[in-house]
Amino acid sequence: MITLAIETSCDETSAAVLDNEKVLSNIISSQLFHTKYGGVVPEVASREHLKKITEITQEALDKAEIKLNDIGLVCATSEPGLIGALLVGLNFAKSLAMSVDKPFIPVNHIQAHLYSNFLCGQKQEFPFIGLIISGGHTLLILVEGLFKHKILGRTIDDAAGEAFDKVAKLLGLGYPGGRMIDEYSVTGNKDYHKFPVARLKENEFDFSFSGIKTSVLYFLKKIDFEKIKDEKLIKDISASFQNAMVKTLFDKTVEAAEKYNVKIISVSGGVSANSAIREKFLTLKENGFKVYFPAIEYSTDNAAMIGLTGYYKYNSSEDKEYFKMDSLMKNAEPKLDYENF
Ligand code: KG4
Ligand code: ZN
């Protein structure tokens with residue numbers, strides 16, 4: 001089965017072609033110009049997707065050496081994301097599915113992050129604990145089977161990537177700053193300062209990252225950061241902040257694994273590219289855990305994970321008629337939340 005997938009939920013325009021579960025091509029065009037605004041500007045993002053979508057899709061087909069008529073399934077991200085950005089990919093993909101008269105599968109972007117490790121060696125063994133850490137979402141999930149998810153915890157305020165980006169901005173490292181914090185931390189002192197991490201009473205597996213960001217802000221004010229800032233100080237603060245992030249993500253995931261007696265952990269989403277997070281989680285292998293991280297190409301937003309998840313969704317569905325275009329005209333609108341996750 002040849003699957004064509006499109007992803008346009010935020011600031012990456014991406015198209016991928018898969019042959020069953022094997023990726024034949026995965027083209028990603030990142031909208032780097034948002035850097036100068038310090039964040040993604042939704043209207044500008046939609047317009048850029050519109051400009052790029054045809055050429056990126058063509059490139060994905062060419063690289064995979066696949067013709068339109070070879071396609072068996074078309075998938076696109078339908079939720080969650082920026083509404084205008086979603087609409088571009090969704091309508092483009094629906095029209096394409098209609099033109100080749102093939103099923104169209106709307107895909108939840110967070111589910112796609114969750115399954116991205118199946119592109120990278122993870123086997124379909126259940127249950128596993130999924131930790132999804134991206135720019136917009138932070139979720140801890142017990143996965144009991146394909147599309148059998150129990151959300152154990154989620155962030156009650158900022159997402160993990162958002163915390164990285166906001167702290168990077170405070171340190172003058174630009175946007176998106178997660179990767180910069182990672183790089184600066186390599187030679188920084190993680191014990192330079194202890195930033196507090198909130199413990200939540202209501203649900204032990206929920207996260208809160210707005211406090212840590214505020215404590216970095218107060219600390220910078222206290223030491224008069226703007227006057228004394230130098231490379232060494234930025235590195236030490238980056239490493240200390242990152243250390244606190246690693247600790248909270250790691251501790252909660254391990255607690256969840258212990259509570260539910262699960263020995264497989266899968267970390268995904270843009271922040272899973274972080275080298276300190278990888279290093280810490282991979283130590284669990286010494287304690288008999290299987291630990292999975294996506295290749296960098298599949299950790300940040302990409303269409304390959306959308307294609308794989310759409311392919312699973314179609315295969316595991318008992319009502320394949322549902323994915324025919326006439327019934328989908330009513331059902332595949334973009335959605336903003338992930339309540340039906
Ligand atoms: O999954 P993603 O590409 O987009 C969303 O679905 O939100 O995640 C983007 C996030 C950004 O916040 C970015 O700063 C963060 O991933 N990120 C990192 C690293 N690389 C990307 N955060 C920490 N360390 C990294 N190496
Ligand atoms: Zn994402």
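Quick rundown of the values:
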| item | result |
| --- | --- |
| Subset of region 113-139 [within 16 Å of Glu255 (Cα to Cα) and of a type in the set (Gly, Ala, Ser)] | Gly130 |
| Residue within region 192-204 that is in a helix (DSSP H, G or I), more than 20 Å from the chain's Cα centre (by Cα) and of a type in the set (A, V, I, L, M, F, W, C) present | no |
| Selection count where residues are more than 21 Å from Leu73 (Cα to Cα), in contact (Cβ under 8 Å) with a residue 24 or more places away in the chain and out of contact with any His (no Cβ under 8 Å at 6 or more places or on another chain), scope region 138-150 | 4 |
| Unmet requirement for Leu82, which otherwise passes all of (1) in the same structural domain as Lys51 (by TED's automatic domain parsing); (2) crowded, with 24+ Cβ neighbours inside 10 Å; (3) within 12 Å of ligand 1 (Cβ to nearest atom) | (2) |
| Hits in region 16-55 - residues which are surrounded by 24 or more Cβ atoms within 10 Å (Cβ to Cβ) and away from ligand 1 (no atom under 16 Å from the Cβ) | Val17, Leu18 |
| Complete set of residues in region 258-302 that are more than 17 Å from the chain's Cα centre (by Cα), part of a helix (DSSP H, G or I) and in contact (Cβ under 8 Å) with a residue 60 or more places away in the chain | Ala276 |
| Qualifying residue in region 319-336 (condition: modelled with pLDDT of 95 or more and either hydrophobic (A, V, I, L, M, F, W, C) or within 14 Å of ligand 1 (Cβ to nearest atom) (or both)) | no |
| Qualifying residues in region 43-85 (those that are of a type in the set (S, T, N, Q) and within 18 Å of Met305 (Cα to Cα)) - the one nearest to the chain's Cα centre (by Cα) | Thr77 |
| Per-region count, region 24-46, residues away from ligand 2 (no atom under 16 Å from the Cβ) and either within 13 Å of Cys75 (Cβ to Cβ) or assigned to a helix (DSSP H, G or I) (or both) | 8 |
| Residue that is modelled with the lowest pLDDT, among those in region 23-35 that are closer than 13 Å to Ala303 by Cα and out of contact with any Phe, Trp or Tyr (no Cβ under 9 Å at 6 or more places or on another chain) | Ser30 |
| Some residue of region 219-231 being within 16 Å of ligand 1 (Cβ to nearest atom), at pLDDT 95 or above, buried (at least 16 other Cβ atoms within 10 Å of the Cβ) and assigned to a helix (DSSP H, G or I) | no |
| Residue list for region 264-283, restricted to those being away from ligand 1 (no atom under 13 Å from the Cβ) and out of contact with any helix residue (DSSP H, G or I) (no Cβ under 7 Å at 6 or more places or on another chain) | Ile264, Leu282, Thr283 |
| Residue among Leu200, Leu249 that is modelled with pLDDT under 95, within 30 Å of Thr309 (Cβ to Cβ) and touching a strand residue (DSSP E or B) at 6+ places or on another chain (Cβ under 8 Å) | Leu200 |
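The values are calculated or read from the model by the stated rules, or taken from the named source; none is laboratory data. Quantities reported herein were computed from a predicted structural model and do not represent experimental measurements. Please note: Cβ atoms are built from the backbone with ideal geometry, for glycine as well, and neighbour counts cover all protein chains shown.
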